[in-house]
Structure formats: C-alpha cells, structure tokens
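Report on the following structure.
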Amino acid sequence: MEIPSISQEALDQATATISESLPDRTTLTTTNSTPSISVHKIPTPLIDTTFSTHTNLTTTVLGASILGFSDEYFAAAANLLTPTPAVRKPGVYVHTGAWYDGWETRRHNRNPFDWVVIKLGCVGVVEGVEVDTSHFNGNEAPEAGLEGCFVAAGSEGGGSSADADADDDRGVADESWDKWEEILPKQACGPSQRQAWKVGGRGVEGRQWTHLRLKMFPDGGIARLRVYGRVVSPPLPGGTAAAERPLEDLASALNGGVAIECSDQHFGTKSNLVLPGRGKDMGDGWETARSRVLGHTDWVIVKLGLRGKSIEKVIVDTKDFRGNFPRAVRVEGWPQEPAKAALSGEQPRADQAGWVSLIDGEKPCQADTEHVFEGDELVASVPLEDWVWTHVKMTLIPDGGVKRLRVMGRRA
C-alpha cells in the first residue's frame, strides 16, 4: 500500500503562494524575541520545507525519552515524542475522559505552567521548535515555551557510568533543577494546528543541549513537540589512534548525518533514510512518485555526519518495499580537501561534476532486502590525495522506495 503525502511540487507551490501573500514577512513573522534570542514564526504551510534539512531531535526514533513531568492526568507526556502525526478517535472515552493522542494536564493549574522534561538521545543544537496542538480544541495549551541544559555524563560524580547517568537524570527531572536556559520564549498557541518558530541569536546559536523542558502556560494539551536542529557528532573514545578508528555509519542521523536534497519525496520523506534501525513499515522510508518518462531517475543527497577517511561498505535497505522497490540503484561519493570540508558550507549539486562512483555501476534491487555492497563491489573506498568523503548521492532507477541508506566507513 502506498501512503500518500504532499509532493515536493505542491510544497514548492505553497511556498511561492505564501511568499507572494506576505509583502513584509520580517515584520509579520518576528514574534516575542528577547535581546539574546531571535524568534521568527513560520507559516504553517512552510514548516516542512523550512526544516526539511534539519533533524527532529525530540523523537523516540533517535532515543529521546521523558524523564519527568508536572502532570499527565488526561494524556501521557510520552505521546509528545511519537514520530507519526497525531490521530483522533472521536467518541472514544477512557476513565479520565475523551481519548487524546498527546499530552494533556488537569484544569485549573495553580502554578504558572505545566512542564515536561525530555532527555535527548543525542547532543543537539536547536534551530527551530514546533508545538503541534492537533485535535486539541478548547483544551489546547494557550502558550508554550522551551528551555534546555547541557549535562555531561557522570557530572554528578560517584559510582559507575550508568549510575552516574541515572543520578544526572534524576536531578534534571526534579522540579527544583535550576540550570535551565531559555531556548524559545513564551509564544501564543492556537487550537488544533501546527505552529513553529525559527530561533537564533547568541542565546541559542551553536549551543549544545542534552535535555529540554517544555513549558505549557498554564495547562491544557499539546499533541507533538518537534525540536529541529542538528546532531553533534559524538567524539571518539579517548586515546583512539587513527589506525584504530572503528567502522561507523558515517551517514547515520545519530552521527549528524542529514539528507539535504532530493528529486522527489511524494510518498515518504528523505530524512527517514538516515534514521537508526530498520523501521516498522513502509511509512518510515523514502519513496518517490511513479515515473512515466523513459530514462527517468530519482536521487537523494546525504551530507555525512562524520567526514570519511574511507568507505568500506554501503547498505541499501528496501525493507517493506515489495511492489515498489527501485529496479536498480547507483551510489556515488563526494570528496573534498580536508581544510575545505571543515570550513565550507557549500553543498554539491546532483548534476555537478565531481561525483565518484562508490559501487560498481547500477546494482539490481530486490523487494524487502538489505543490499550490502562491499569488497570487490566497491570501486572507490579511499578518496584520492588524502581528501575526505563529505556527501553521498543515491540514484534510484527509475524510481521507488528505500527504507535506509548506510555508509559504513572510518572517520577522518
């Protein structure tokens, strides 16, 4: 079954329409900023395109979890981190009242706000925040804000590493924790809608966070919290020599990898390609529309989270794609000089000269299969002249769906 979603063409048309209707977007979208934090509200039709090259840090797929909350009487705080859109079940009631897919607290909060503490599954830099009140109408949160903190593992000291991490988590989840710093100042929220803001300024730019606290003023319901940003690549263990560097997935979202551009994502978004695990169904992969033109191909470009000294294995996983997998794939890498790779924010274009084949030609694909290319099937592993791999392009021939793309190598 193919699950429809908004095509890239439709999103581009929505972007153009919204842009034309806002003659002075800066004046209209700047909202409730502070001297150290700039806040710009994103029109709802543009949320997905605005954050299409960012990673959702607050999803259970990347290991985010709830550590504590002030209240969750009507609906559990854990629902905030569900990766799929909120659903509605009209007429369904539980002991506390109507069933809701989100976080909902009691009425008449005597404190200024309700709160929930989230532990991220990775260290992240925040660049945008979405508060989704879908299906909460009359009981939605009137206002919301976000805070964060960075807690080094074992910073409280004592015991094993696991014990120290547990102690840290208990401290952060306590209502008395006083190390929170503002990321998103309090913003107005509306009923049953997605609302998102880009954040910047010296208070947030480049700042690294391990924990977040969502604040809801004074009470009510929120369906999903999506915090957009980038994953900070984890460091190597201390004392690891260059010759001993382990084999890692250079493209994984947990290592900072992000899918930055694609030809089409009609049925499934490109960002799914770099998620950990093999997913649960066809809905969490990347799938393009059916092509009707002879010679058509689709493509996606992934920026590696870890610059590669070598690439030793490429995995193209078509799990759950059974009647709609690509006929074949090509995988190419983009090498750069180390100094340029460290400083340049320029991204290679799909049609730009300089892409280097990683696997030998077009490789046939099968349904619901992990296709592993290594050894003799790799035609390039180490880039020439001691350069580093920074991007990978996968081409689908002619179209179809892929669940995950793994680029196994050793970091530079």
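The values are calculated or read from the model by the stated rules, or taken from the named source; none is laboratory data. Computed from a predicted model, the values in this text were never measured in an experiment. Glycine gets a Cβ as well: all are built from the backbone with ideal geometry, and neighbour counts include every protein chain shown. In case anyone asks, the SASA skips ligands and DNA or RNA and just uses the protein heavy atoms, side chains included. Shrake-Rupley method; radii C 1.70, N 1.55, O 1.52, S 1.80 Å.
Details
- Ranked from largest, the principal axis spans of the Cα set of region 205-357 equal 58, 47, 27 Å.
- Paired Rg and Dmax values of the chain, which use every Cα atom, in angstrom: 22.3, 67
- One quarter of the convex hull surface built on the alpha carbon atoms of region 66-142 amounts to 6.3 nm², the projected area averaged over directions.
- Backbone amide hydrogens, once placed in the peptide plane, bring residue 362 within less than 5 Å of nothing, excluding anything fewer than 5 places away on its chain.
- Two-site FRET efficiency, residue 49 against residue 362, from Cβ-Cβ distance with R₀ of 35 Å, rounded to 0.05: 0.70
- Dipole magnitude (debye, nearest 20) for region 206-337, charges at Cβ of Lys, Arg, Asp, Glu: 280 debye
- A Cβ-based charge dipole, computed about the Cα centre of the chain with Lys and Arg at +1 and Asp and Glu at -1, lands at about 400 debye.
- Rg to Rh, two decimals, where region 280-344 supplies the alpha carbon set and Rh follows Kirkwood: 1.04
- Which of 301, 291, 255, positive extreme of dipole for region 254-324 (C-beta unit charges): 255
- Loop-exposed trypsin sites (Lys or Arg not before Pro) per DSSP, neighbour cap 16 Cβ within 10 angstrom, longest uninterrupted part of the chain: 1-87
- Under a model in which nothing but the beta-carbon of Lys, Arg (+1) and Asp, Glu (-1) is charged, region 229-281 shows a dipole of about 120 debye around its Cα centre.
- Pairwise FRET efficiency - residue 111 versus residue 33, Cβ, R0 = 22 Å, nearest 0.05: 0.30
- Averaged per residue, the chain has 47 square angstrom of accessible surface, using a 1.4 angstrom probe with ligands and nucleic acids left out.
- With all projection directions averaged, the alpha carbon convex hull of region 280-412 covers 8.4 nm².
- Carbon plus sulfur fraction of accessible area for the chain, probe 1.4 Å, in percent: 51 percent
- FRET efficiency for residue 350 and residue 294, using Cβ-Cβ distance with R0 set to 25 Å, rounded to 0.05: 0.80
- Here the simple spin-label model places points 7 Å from the Cα toward Cβ, and for residue 342 and residue 386 these points are separated by 1.2 nm.
- Linear extension gain, residue 374 paired with residue 88, 0.36 nm per residue minus alpha-carbon span: 98.4 nm
- The 3J(HN,Hα) values that the Karplus relation (6.51, -1.76, 1.60; θ = phi - 60°) gives for region 71-83 are, in residue order, 5, 8, 4, 8, 7, 6, 4, 4, 4, 4, 9, 4, x Hz. Gly and Pro appear as x.
- The calculated 222 nm mean residue ellipticity attributable to helices in the chain amounts to -3000 deg cm²/dmol, summing -39500 (n - 2.57) over DSSP H runs of n ≥ 4 and dividing by all residues.
- For region 345-411, the spread of Cα coordinates along the three principal axes comes to 38, 27, 20 Å, biggest extent given first.
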